[in-house]
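First comes the structure, then the notes that go with it.
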Amino acid sequence: MPKTIREINEKIKKGEAVIATAEEIIDIVEEKGTKKAAQQVDVVTTGTFGPMCSSGIYFNIGHSKPRIKIGGGTCYLNDVPAYGGFAAVDVYLGATALPDDDPKNKIYPGAFKYGGGHVIEEFVAGKDIKLVATGYGTDCYPRKKLETWINIKDVNEAVLFNPRNVYQNYNVAVNLSDKTIYTYMGILKEKLGNANFCSAGQLSPLLNDPLYKTVGIGTKIFVGGGVGYVAWQGTQHNPTAKRKDNNVPCVPAGTLAIIGDLKQMKQEWLRGITMTGYGVTLAVGIGIPIPILNEEIVQYTAVKDKDLFAQVVDYSEAYPKVIPGSLGEVNYAQLKSGKIIVQGKEIPTASLSSYSKAREIALTLKNWIKSGKFLLSEPVGSIPGPKSGITFQSLKERPIT
Amino acid sequence: MVSKRIVLKFPHRLIEKPIICKLVKEYNLEFNILKAYVTPKEEGLLILELKGKDEDCKGGIDYLNKMGVKVQPLSQDIIFNEARCTHCGVCVTSCPTGALVMDPITRKVHFDDKKCIACELCIPACPVKAMEVHF
């Protein structure tokens with residue numbers, strides 16, 4: 001008999017709910033079958049921890065005396081430019097922002113030692129951050145310059161708001177050229193010297209709910225060590241991407257926009273990172289609970305690495321020039337074995353996404369639910385699925401003259 | 001036979017003296033140079049793998065110390081900062097000697113400093129800067 005989220009929450013409150021991680025459910029379904037597993041298990045917890053470039057924070061610093069309007073002026077946090085084009089003292093800092101005087105790739109490959117992701121990590125860790133802002137001065141906001149230390153505990157609101165996170169599957173990056181290249185997928189050695197991938201595979205949230213049957217707008221989640229919500233579908237959401245018979249995409253597909261209270265979050269789960277020759281970004285830890293409402297849903301959560309496929313893509317030419325196609329398809333069990341075969345050559349593999357951290361997130365979320373402190377939420381809107389017809393479009397350039 | 005990886009620091013006054021050849025002549029040691037350079041202040045840095053009898057290794061290192069060369073094990077200079085590591089594992093393919101490996105069960109990265117040759121290829125590969133060099 002199908003269950004409802006309300007019924008599952010009643011069981012959680014009584015301490016009777018049965019929770020399994022997306023790893024543990026594999027054996028449960030194998031042993032008991034989907035029917036029994038769907039009856040016995042109430043929630044499956046997922047997890048992922050990896051670089052998620054479309055991430056950032058906003059906060060309100062409170063009004064200075066006299067008042068300043070940063071909107072229309074400039075704002076720097078530890079010399080990293082932040083966006084202030086809102087009202088007077090709301091500021092948004094993106095994960096990939098870089099100081100104006102960073103040499104970037106002028107000295108190739110750029111070192112990119114410090115940027116938005118690192119400021120976010122330090123702010124969450126409770127370190128003081130140097131804010132330097134300018135305004136143009138108005139009758140009601142006369143101040144033109146503000147220099148001060150700020151701290152997360154003193155700002156009014158501090159919110160993590162990420163326009164695109166938790167990619168449903170991703171490419172496996174390789175390099176066919178004859179020189180080393182420096183990409184957002186890491187350092188790729190020439191002539192298929194290595195292959196980098198970036199997904200938690202069988203633990204990854206959207207690979208366990210491939211058709212977005214339970215995750216929706218308003219789904220309560222683990223984010224950055226605190227509690228957050230799914231705000232919307234993410235940018236570049238591509239639900240009509242190619243799928244296998246198990247309904248799981250074999251190319252990058254769905255994404256989610258995530259929001260959460262930064263003041264609850266922890267440095268351990270929001271880490272500023274550097275991709276040599278590429279830039280800085282933020283590694284984000286996210287865990288999504290999947291309510292086991294019926295047999296179909298438990299079947300999806302029991303997906304294994306060997307049934308999840310990704311495409312091998314050349315980042316020396318095909319990716320930068322947007323040439324479609326794949327050098328081959330591999331599964332996550334092969335990727336995690338440490339080597340795959342591409343064009344007849346055995347090449348070593350490595351991951352940008354931390355599987356051990358993903359596992360830790362799924363276990364943490366499991367414990368939160370078990371202890372009764374984390375109840376599931378009913379989504380208030382759905383994430384567009386394959387039938388929505390939504391596809392990810394390339395830019396159609398139109399000359400300006 | 002023993003094998004040791006050591007970091008040697010030569011002060012400016014020793015730069016022009018033949019020293020390492022004595023390890024072969026007097027102490028019957030084999031060596032493999034893993035890294036060598038002279039700093040802008042004209043101090044020498046040499047990373048060696050020494051092979052030979054245990055007493056010869058000890059004798060050779062005593063000789064180096066006596067000459068004024070600062071000797072320390074390589075493992076003191078290349079540090080795996082586990083508190084910073086997120087165990088993503090992207091470093092493992094950068095490492096040519098298998099000193100950085102991913103445990104297939106725990107999916108955590110392990111660093112075996114005995115296998116490290118101080119090539120430093122892991123330094124730019126690590127997104128969280130968990131590998132540190134302290135020469």
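Screening A:Asp305, A:Asp314 for residues that are surrounded by 17 or more Cβ atoms within 10 Å (Cβ to Cβ), away from chain B (no Cβ under 14 Å) and of a type in the set (Asp, Glu) leaves exactly one candidate, A:Asp314. Of all residues in the stretch A:304-331, exactly one satisfies the criterion of being in contact with a Gly (Cβ under 7 Å, 6 or more places away or on another chain) and more than 25 Å from B:Asp103 (Cα to Cα), namely A:Ala318.
Considering B:Ile47, B:Ile15, B:Ile19, which residue is away from chain A (no Cβ under 14 Å), in contact with a Gly (Cβ under 7 Å, 6 or more places away or on another chain), of a type in the set (Val, Ile, Thr) and farther than 30 Å from A:Ser337 by Cα?
It is B:Ile15.
For the stretch A:343-363, enumerate the residues that are away from chain B (no Cβ under 11 Å) and either buried (at least 18 other Cβ atoms within 10 Å of the Cβ) or without any contact (Cβ under 8 Å) to a residue 40 or more places away in the chain (or both). Hits for the stretch A:343-363 are A:Gly344, A:Glu346, A:Ile361, A:Ala362. Scanning the stretch A:27-51 for residues that are under 13 Å from A:Arg359 (Cβ atoms) and more than 14 Å from chain B (Cβ to nearest Cβ) yields a total of 2. Taken over the stretch B:99-120, the criterion of being within 24 Å of B:Ser3 (Cα to Cα) and either among the acidic types (Asp, Glu) or at pLDDT below 95 (or both) is satisfied by B:Asp112, B:Asp113, B:Lys114, B:Lys115, B:Cys116, B:Ile117, B:Ala118, B:Cys119, B:Glu120. May I ask you to say which residue of A:Lys366, A:Lys357 is charged (D, E, K, R) and touching a Cys at 6+ places or on another chain (Cβ under 9 Å)? After ruling out the rest, the residue left standing is A:Lys357.
Exactly one residue out of A:Thr48, A:Thr34, A:Thr4, A:Thr96 is buried (at least 24 other Cβ atoms within 10 Å of the Cβ), within 30 Å of A:Leu308 (Cα to Cα) and among the β-branched types (Val, Ile, Thr), and it is A:Thr48. Applying the condition of being within 10 Å of another protein chain (Cβ to nearest Cβ) and β-branched (Val, Ile, Thr) to the stretch B:106-135 and asking which residue is nearest to A:Lys357 (Cα to Cα) yields B:Thr106. If a residue counts only when it is within 14 Å of chain B (Cβ to nearest Cβ), which strands (runs of 3 or more DSSP E) contained entirely in the stretch A:187-245 have at least 2 such residues? By residue number, A:195-197. When restricted to residues that are among the hydrophobic types (A, V, I, L, M, F, W, C) and touching a helix residue (DSSP H, G or I) at 6+ places or on another chain (Cβ under 7 Å), the stretch A:316-350 contains 2.
Of all residues in the stretch A:272-302, those satisfying the criterion of being facing chain B (nearest Cβ under 10 Å), in contact with a His (Cβ under 9 Å, 6 or more places away or on another chain) and of a type outside the set (Gly, Ala, Ser) are A:Ile273, A:Thr274, A:Val280. Within the stretch B:73-90, residues that are away from chain A (no Cβ under 13 Å) and touching a residue at least 40 places away in the same chain (Cβ under 8 Å) have Cβ atoms under 8 Å from residues that are aromatic (Phe, Trp, Tyr) and crowded, with 21+ Cβ neighbours inside 10 Å in these pairs: B:Phe80/B:Phe111, counting only partners at least 6 apart in sequence or on another chain. From the list B:Lys35, B:Lys41, which residue is under 30 Å from A:Phe112 (Cα atoms), touching a Cys at 6+ places or on another chain (Cβ under 9 Å), surrounded by fewer than 16 Cβ atoms within 10 Å (Cβ to Cβ) and modelled with pLDDT under 95? Within the list B:Lys35, B:Lys41, the selection yields B:Lys35. Only one of the numbered conditions (1) at positive phi; (2) not assigned by TED's automatic domain parsing to the domain that holds B:Ile19 is not met by B:Gly68, and that is (2). Filtering the stretch B:54-112 to residues that are touching a strand residue (DSSP E or B) at 6+ places or on another chain (Cβ under 7 Å), more than 28 Å from B:Glu30 (Cβ to Cβ) and surrounded by fewer than 16 Cβ atoms within 10 Å (Cβ to Cβ) leaves B:Asn81, B:Asp103, B:His110. Surrounded by 21 or more Cβ atoms within 10 Å (Cβ to Cβ) and outside any loop (DSSP other than H, G, I, E, B) - does that describe any residue in the stretch A:136-145? No, the stretch A:136-145 contains no residue that is surrounded by 21 or more Cβ atoms within 10 Å (Cβ to Cβ) and outside any loop (DSSP other than H, G, I, E, B).
For (1) in contact with a strand residue (DSSP E or B) (Cβ under 9 Å, 6 or more places away or on another chain); (2) loosely packed, with under 14 Cβ neighbours inside 10 Å; (3) under 30 Å from B:Thr97 (Cβ atoms); (4) within 14 Å of another protein chain (Cβ to nearest Cβ), each residue gets a yes or a no:
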position: A:Ala333; (1), (2), (3), (4): no, no, yes, yes
position: A:Ser337; (1), (2), (3), (4): yes, yes, yes, yes
position: A:Ile340; (1), (2), (3), (4): yes, no, yes, yes
position: A:Ile400; (1), (2), (3), (4): no, yes, no, no
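Listed by position, the strands (runs of 3 or more DSSP E) inside the stretch A:248-300 whose residues that are in contact (Cβ under 8 Å) with a residue 40 or more places away in the chain and under 14 Å from A:Asn162 (Cβ atoms) number at least 1 are A:256-261, A:270-275, A:279-287.
The values are calculated or read from the model by the stated rules, or taken from the named source; none is laboratory data. Remember, predicted model here, so these are calculated numbers, not experimental data. When we count neighbours, we look across all protein chains shown, and the Cβ atoms used for this are built from the backbone with ideal geometry, even at glycine.
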